[in-house]
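A short worksheet on the structure shown next.
The values are calculated or read from the model by the stated rules, or taken from the named source; none is laboratory data. Note that the structure is a prediction, hence the values are computed from the model and not measured. Cβ: placed from backbone, ideal geometry, glycine included. Neighbour counts: every protein chain shown. Protein only, heavy atoms only, side chains kept; ligands, DNA and RNA dropped before computing areas. Shrake-Rupley method; radii C 1.70, N 1.55, O 1.52, S 1.80 Å.
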Amino acid sequence: MPGEGGSTSGSALAGRHPKQKRKAHSLSIRRTNSTEERPLGILRGDMLEGQDSKLPLSLRNNLLDLFSQIEREFENLYIENIELRREIDSLNERLTGDGQTVEGGDPSKGVLKTKASHSTSQLSQKLKTTYKASTSKCLYTFHGKIGGPCNFSVATWELWGGDSWIVSSFKATTGSRALCQLLKEYVGHRDGIWDLSVARTQPVVLGTASADHSALLWSIETGKCLLRYAGHAGSVNSIKFHPTEQMALTASGDQTAHIWRYMVQLPAPQPPPDVSALCDDDQDSSDREEGEVDGEGLCEVPTVRVATTTLKSHQGVVIAADWLVGGRQVVTASWDRAANLYEVETSELVHTLTGHDQELTHCCTHPTQRLVVTSSRDTTFRLWDFRDPSIHSVNVFQGHTDTVTSAVFTVGDNVVSGSDDRTVKVWDLKNMRSPIATIRTDSAVNRISVSANQRIIALPHDNRQVRLFDMSGVRLARLPRSNRMGHRRMVCCTAWNEENQSCNLFTCGFDRQAIGWNINIPALLQEK
């Protein structure tokens, strides 16, 4: 996800002509049975023969080397899966000879599918992590088992298929149906959007944080950009609004968190769009054409470049930040494995919260109590209690097997955690030994959100899906994802807005856009 420096993933693709993109897709690697016996130069000549390209020969050779390493990695995985299938067939024969049967049909297919999906999830996490850490290099890192680490550009990764190349090929289970209406698309960022949030005071605006070093404020009804914050020198990884004032808190890969004030005036509302679709698992999942809008129309948007307060005690990327109840203190989470608690008025560092073994991925505060939850790549999340000013206690939640990407409070006494292990768990703060519900999915889960009134969990996935569940783990719906609507790349975050007796869900992704949805809660619960 986000990081320290510049970014070109969005603009690199948006400026390409469709024909040029099709040429990039045509780049392939031909393999023969005598590959190992032929000189490297001859092999490259065979690969490049007959391919029309304006790229320098040296650059094309480097690309071929990188794709060769990627191909070898998947070839090894394929060989492992074949060997695993043979072992399973052998075990099945033994069970059959003993008069036993295996439930679930062909178990080999399930095991192979799980192994491939898990490997893809790990690859996706490595890509997101590298991009958050240093977008100035404009490179992802793929750590292969053969050939060591290799780097390839964001544009190449997107043309190759991105995160959804393998994960999205797995068929999801059939779920419920609910009426979901596309509210508005918010297009203007020049790179992936990592986080979004809805203001809690009037005027109610939508805020987005992007790897293009900026945070934007939007009119929810019209989709018009109202203000740009450009005070960070790195990727903006998080945005949260003050509970009572027109202030925003942003965290960045430049190792700082900023508090800045804003003043916006909402434009006149427009007639609502007449676009609706059913949340159905059987909908068309084809990609839309890319590169339509590149945010050129944002040059006239008012820009804030100086923060009111700068918090800079971290020694690594600040991945998230949030306001404590009352708005007098904020908490920040960083890749330096610590979370910091600050006084807003004085910028004083009050507490440094240590204990995680690896980088933090998210932090969240309770809406009514002085409680903080931090999640980490060490597969745990921690609950910090500041209700007693003299002491602060900590409780560790263990239950995931991979990076905990986010953990959020509900209005009640629950915490919901999402992970790259493709599960979401619901926890009771009064009984922390085991989760009260577990949701299993087919893709890694990013920053989740829970609606305050209806307690519905929105799950953003690496495979571009957004699914809705209730607190007991029952699946309610899946947002539309077709050639007409939905995200084209992984969905990074979700946020709810339940003002004015309506229920809106906002999603953002690596395709550089945020989308607003109107969720028909009565119909959704009735289908349940």
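You will find that of THR303, THR310, THR352, THR368, the residue that is open to solvent by 30 Å² or more (accessible area, probe 1.4 Å), closer than 30 Å to HIS189 by Cα, among the hydroxyl-bearing types (Ser, Thr, Tyr) and out of contact with any His (no Cβ under 7 Å at 6 or more places or on another chain) is THR303 and no other. Of all the residues in the range 305-334, those that are in a loop (DSSP other than H, G, I, E, B), of a type outside the set (Val, Ile, Thr) and out of contact with any Pro (no Cβ under 8 Å at 6 or more places or on another chain) number 9. With respect to (1) surrounded by fewer than 24 Cβ atoms within 10 Å (Cβ to Cβ); (2) touching a Lys or Arg at 6+ places or on another chain (Cβ under 7 Å); (3) closer than 25 Å to ASP402 by Cα, the lone exception for VAL450 is condition (2). Of the residues making up the range 416-447, those that are open to solvent by less than 20 Å² (accessible area, probe 1.4 Å), out of contact with any Lys or Arg (no Cβ under 9 Å at 6 or more places or on another chain) and hydrophobic (A, V, I, L, M, F, W, C) number 2.
Among the residues in the range 485-506, are any under 18 Å from VAL415 (Cβ atoms) and over 17 Å from the mean Cα position of the chain (by Cα)? Taking every residue of the range 485-506 in turn, none turns out to be under 18 Å from VAL415 (Cβ atoms) and over 17 Å from the mean Cα position of the chain (by Cα).
Filtering the range 405-420 to residues that are part of a loop (DSSP other than H, G, I, E, B) and either modelled with pLDDT of 90 or more or polar (S, T, N, Q) (or both) leaves THR410, ASP420.
Under the condition of being open to solvent by 10 Å² or more (accessible area, probe 1.4 Å), closer than 14 Å to THR201 by Cβ and either part of a loop (DSSP other than H, G, I, E, B) or touching a residue at least 60 places away in the same chain (Cβ under 8 Å) (or both), the residues counted in the range 238-270 number 9. Does LEU479 qualify as being at pLDDT below 95 and surrounded by 21 or more Cβ atoms within 10 Å (Cβ to Cβ)? In short, yes. One residue alone among ASP357, ASP402, ASP388 is more than 26 Å from SER210 (Cα to Cα), in contact with an Asp or Glu (Cβ under 6 Å, 6 or more places away or on another chain) and not in a strand (DSSP E or B), and that residue is ASP357. When SER472, SER443, SER451 are screened for being over 21 Å from the mean Cα position of the chain (by Cα), polar (S, T, N, Q) and within 20 Å of LEU505 (Cβ to Cβ), only SER472 passes. Pairs meeting the criteria (first residue in the range 383-404 and in contact (Cβ under 8 Å) with a residue 40 or more places away in the chain and acidic (Asp, Glu), second residue open to solvent by less than 60 Å² (accessible area, probe 1.4 Å) and not in a loop (DSSP other than H, G, I, E, B), beta carbons under 9 Å, at least 6 apart or on different chains) are ASP402/SER121; ASP402/GLN125; ASP402/SER419; ASP402/THR423. Considering the conditions (1) under 24 Å from LEU183 (Cβ atoms); (2) aliphatic (A, V, I, L, M); (3) in contact (Cβ under 8 Å) with a residue 60 or more places away in the chain, ALA444 is excluded by exactly one of them, (1). For the range 184-237, the strands (runs of 3 or more DSSP E) that sit wholly inside it and include 3 or more residues that are of a type outside the set (Phe, Trp, Tyr) and within 23 Å of PRO367 (Cα to Cα) are 193-198, 205-210.
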